[in-house]
1. Within region 73-115, take every residue that is touching a helix residue (DSSP H, G or I) at 6+ places or on another chain (Cβ under 7 Å) and free of Cβ contacts under 8 Å to residues at least 40 places away in the same chain and give me the one that is farthest from PHE159 (Cα to Cα).
2. Need the failing condition index for TYR151 against (1) in contact with a strand residue (DSSP E or B) (Cβ under 9 Å, 6 or more places away or on another chain); (2) under 27 Å from LEU51 (Cα atoms), just the number.
3. Select, from LEU105, LEU116, LEU80, the only residue that is under 28 Å from ALA215 (Cβ atoms) and either under 15 Å from the mean Cα position of the chain (by Cα) or of a type in the set (Asp, Glu) (or both).
4. How many residues, within region 210-228, are at pLDDT below 85 and loosely packed, with under 14 Cβ neighbours inside 10 Å?
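The values are calculated or read from the model by the stated rules, or taken from the named source; none is laboratory data. Here the structure is a predicted model, which is why all the values come from computation and not from measurement. With ideal geometry, Cβ positions are generated from the backbone for all residues, glycine too; neighbour counts draw on all protein chains shown.
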Amino acid sequence: MLMMLVLLNIFYFIYNLFWGMLYFQKPLIEKLSPKSKTEHLKELTLKYLELAKETRTWVKEDRNGVFKIDDLKAVEAEILSNQYTIPALLGVKTPTAIQAFKPSLFAQVMSYTGILGYYNPFTAEAQYNPKLPPHELPFTLAHESAHQLGYAREQEANFIGYLIGKNARNPELRYSTEYFVLRSLLNALTAEDETFVKNVLHQYSPAMKRDRRAAKIFAEKHEGAVENFFGITNDLFLKSNRQDGSITYSYFVDLLLRYETPPK
């Protein structure tokens, strides 16, 4: 028992040495000017609805009319390239320029946990679930690459992933990013104006509706006790590392609003 406690303490020390101390970085939100959430949230939602509808016309589909990735290596290459475009005001991070995206060996299990990907701080690899609905995969890779850059907080990694993908030349990466942003905005608005949210969902293009339906089928197929358990444990892990719990979208949306809304 004593030896086990010693080993656990050594492991925890190494974890903090490689990764844990990054949670004490100055939050990105302190580097951006505050903006009114209620004034611009719907405007941004409609903007990203139109962007996603347009970009969706440039990607390929499978035989069921659902988005498919034509060249994952091209997506990965642009993610690495776009790491150099992150604004300096958010802090100087050295891009990796190393292809370290790895499909997880535990993909089947991950599908039942709700985990899309994870960063291994000991090997500096961005692990992802290759069985994800295809429109979720490019942004997941961008998110994990943000962890590789040293952005530890989950919602900040989402924001850096957004910066990497928002102006991507690759339409697969750009569409995945725009779809994620749109979904996050709608989630944030659900409690405020459910009618508005339903109206926006109704305005999805037929192709986007097929993608959304495919994602719902995937989620329904893999929901259950395992997902609930991992949701609770992940929530506790995030809170123990100076982050909001896993069920909140507010921090990413606040970062998005502060970055997207021009000063008056």
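1. Checked region 73-115; the qualifying residue farthest from PHE159 (Cα to Cα) is SER104.
2. (1)
3. LEU116
4. Qualifying residue count, region 210-228: 4.
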